[in-house]
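> Let me begin by handing over the structure; questions about it come next.
The values are calculated or read from the model by the stated rules, or taken from the named source; none is laboratory data. Since the structure is predicted, the reported quantities are computational estimates derived from the model, not experimental observations. FYI the Cβ positions are ideal-geometry reconstructions off the backbone, even for glycines, and counts take in every protein chain you see. These accessible areas exclude ligands, DNA and RNA; they are computed on the full protein's heavy atoms, side chains included. Shrake-Rupley method; radii C 1.70, N 1.55, O 1.52, S 1.80 Å.
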Amino acid sequence: MALTQTQQFQPGMGLTTTKAPFIEVARSRGELYIEQPYELYSEENHEAWRRLYARIQERWQRYATEKFLEGVSKLCLDPNRVPRLDDVNQFLAPLTGFKAKAVSGYVPAYIFFDCLRRREFPTTITVRDINSLDYLPEPDIFHDIAGHVPMHTDKRFADTLVRFGEAAHTAARIVQEIKDPELQVQRIISITRALARFFWFTIEFGLMRGKNGELKVYGSGLLSSYGEIAHAIESPEVQRYPIQLEWVINQYFEIDHYQPLLFIVDSFDHLFDLVDQLERWMLEGKLNNVAPGEPTMSEEDIRSFLEAVVD
Ligand SMILES: [Fe+2]
């Protein structure tokens, strides 16, 4: 749809997932990092945020890890309006140095991890459609700001994200030293698949033991889903096991349904140590041939590792 300059960005026209001309234009220009054009949010976008935020409160109290609840209160999110990233960052940055950084959509794998290394979190600014609050295959601002960012107020968790970024940096260095182009691509795919699986089963869908041994949620995919946060803890059909790195890196996952398999860490110190171990395994070659299957790596993901600046 071609829009003229004046039609393009009317205040209040909406920044709704898959219906945001501002995002389409940014992407067509190749702009990954963008500003958050706050005036474009529609009243419907704010209402969607208000409903999502209101209904999940009781589930957070029941299922979320204490660190997450502390993070929510430290960020002072407005329950009624879509958050401004600048406001969020004013509370967040002094705590751990992390900042939410607006992006126009998918961030290629290396670039994503490299942002974490610099304590920047690529953040989607669109809001899911008010008519489909429950299911969304792609991230939106509720997932990124309400699901991820409260965890970034915790020092040990924030350090763990940085370790992920450092591990990706090590991966780029390893693959760039490989001379055979075919082997190079095969290595990128295997190592990145291991990293992505580990990220998925921890940062996105992780469970943790609470003080009294009870299970709590720290994974953002669960924390931003009204239905799945309860399913993850209550459903007898979900397999929940103490995390084992060798299992996680070889375990495929699918993104279009509730997760049937979840892994439990003891603490964020435990999680941090596992990222260390993952990087050691990478250096020893143990990630060179992980099991095939999801997630698949796009051309863009592969290129991001080849073009990474490593020193
Ligand atoms: Fe996420």
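> Could you count how many residues in segment 45-79 are open to solvent by 50 Å² or more (accessible area, probe 1.4 Å), over 18 Å from V217 (Cβ atoms) and free of Cβ contacts under 8 Å to residues at least 60 places away in the same chain?
The total comes to 5.
> Related question: Please specify each residue of segment 270-293 satisfying the condition of being acidic (D, E) and either at positive phi or open to solvent by 80 Å² or more (accessible area, probe 1.4 Å) (or both).
Result: D273, E284.
> Applying the selection to segment 115-125, what residues are over 13 Å from the mean Cα position of the chain (by Cα) and part of a helix (DSSP H, G or I)?
Within segment 115-125, R117 is the sole residue that qualifies.
> Which residues, counting only those in segment 290-311, are polar (S, T, N, Q) and within 18 Å of G165 (Cβ to Cβ)? Spell out the reasoning first.
First, the residues of segment 290-311 that are polar (S, T, N, Q): 296, 298, 304.
Listed by number, the list holds a single entry, S304.
> Does E177 satisfy the condition of being free of Cβ contacts under 8 Å to residues at least 40 places away in the same chain and either over 19 Å from M282 (Cβ atoms) or in contact with an Asp or Glu (Cβ under 9 Å, 6 or more places away or on another chain) (or both)? Give the derivation first.
Values: free of Cβ contacts under 8 Å to residues at least 40 places away in the same chain: yes; either over 19 Å from M282 (Cβ atoms) or in contact with an Asp or Glu (Cβ under 9 Å, 6 or more places away or on another chain) (or both): no.
In short, no.
> For segment 294-311: of the residues being in contact (Cβ under 8 Å) with a residue 24 or more places away in the chain and assigned to a helix (DSSP H, G or I), which is surrounded by the most Cβ atoms within 10 Å (Cβ to Cβ)?
Once the filter is applied, the top-ranked residue is F305.
> Further question on the same structure: Give the residues of segment 48-79 that are of a type in the set (S, T, Y) and over 13 Å from P150 (Cβ atoms), sorted by residue number.
So the first thing to find is which residues in segment 48-79 are of a type in the set (S, T, Y), and the list is 53, 63, 65, 73.
The answer is Y63, and nothing else.
> When you scan segment 126-173, how many residues do you find that are part of a loop (DSSP other than H, G, I, E, B), open to solvent by less than 30 Å² (accessible area, probe 1.4 Å) and within 15 Å of the ligand (Cβ to nearest atom)?
Selection size over segment 126-173: 3.
> Which residue is nearest to the ligand (Cβ to nearest atom), if the candidates are limited to segment 223-254 and must be touching an Asp or Glu at 6+ places or on another chain (Cβ under 9 Å) and more than 16 Å from M208 (Cβ to Cβ)?
Among residues in segment 223-254 that are touching an Asp or Glu at 6+ places or on another chain (Cβ under 9 Å) and more than 16 Å from M208 (Cβ to Cβ), the one nearest to the ligand (Cβ to nearest atom) is S224.
> Continuing with this model, one more query. Mind listing just one residue for me: the one in segment 50-76 that is closer than 26 Å to E234 by Cβ and among the hydrophobic types (A, V, I, L, M, F, W, C) and, of those, farthest from the chain's Cα centre (by Cα)?
The extreme case among them is A54.
> Then there is this: Looking only at segment 174-223, count how many residues are open to solvent by 10 Å² or more (accessible area, probe 1.4 Å) and of a type in the set (S, T, N, Q).
4
> Can you confirm whether segment 99-108 contains a residue that is in contact with a Cys (Cβ under 8 Å, 6 or more places away or on another chain) and open to solvent by 10 Å² or more (accessible area, probe 1.4 Å)? I'd like the intermediate steps shown before the answer.
Of the residues in segment 99-108, the ones in contact with a Cys (Cβ under 8 Å, 6 or more places away or on another chain) are 101, 107.
Imposing the further condition that a residue be open to solvent by 10 Å² or more (accessible area, probe 1.4 Å) reduces the set to 101, 107.
Yes, segment 99-108 has at least one match.
> Would you check if L116 is within 13 Å of the ligand (Cβ to nearest atom) and aliphatic (A, V, I, L, M)?
On the way: within 13 Å of the ligand (Cβ to nearest atom): yes; aliphatic (A, V, I, L, M): yes.
Yes, satisfied.
> Can I ask one more? Which of the residues that make up segment 232-241 are assigned to a helix (DSSP H, G or I) and surrounded by 15 or more Cβ atoms within 10 Å (Cβ to Cβ)? Lay out the reasoning, then the answer.
If we filter segment 232-241 for residues that are assigned to a helix (DSSP H, G or I), which is where we start, we get 232-234.
Correct list: A232, I233.
> Scan segment 184-222 for residues that are within 16 Å of the ligand (Cβ to nearest atom), out of contact with any strand residue (DSSP E or B) (no Cβ under 6 Å at 6 or more places or on another chain) and either in a helix (DSSP H, G or I) or at pLDDT below 95 (or both) and report the count.
Counting residues in segment 184-222 that are within 16 Å of the ligand (Cβ to nearest atom), out of contact with any strand residue (DSSP E or B) (no Cβ under 6 Å at 6 or more places or on another chain) and either in a helix (DSSP H, G or I) or at pLDDT below 95 (or both) gives 12.
> Taking the residues in segment 5-44 that are charged (D, E, K, R) and within 19 Å of F121 (Cβ to Cβ) as candidates, determine which candidate is most open to solvent (accessible area, probe 1.4 Å). Break it down stepwise before answering.
Going through segment 5-44, the residues charged (D, E, K, R) turn out to be 19, 24, 27, 29, 31, 35, 39, 43-44.
In the following step, the residues that additionally are within 19 Å of F121 (Cβ to Cβ) were identified as 31, 35.
Working: E31: 76, E35: 143 Å².
Among those residues, the one meeting the criterion is E35.
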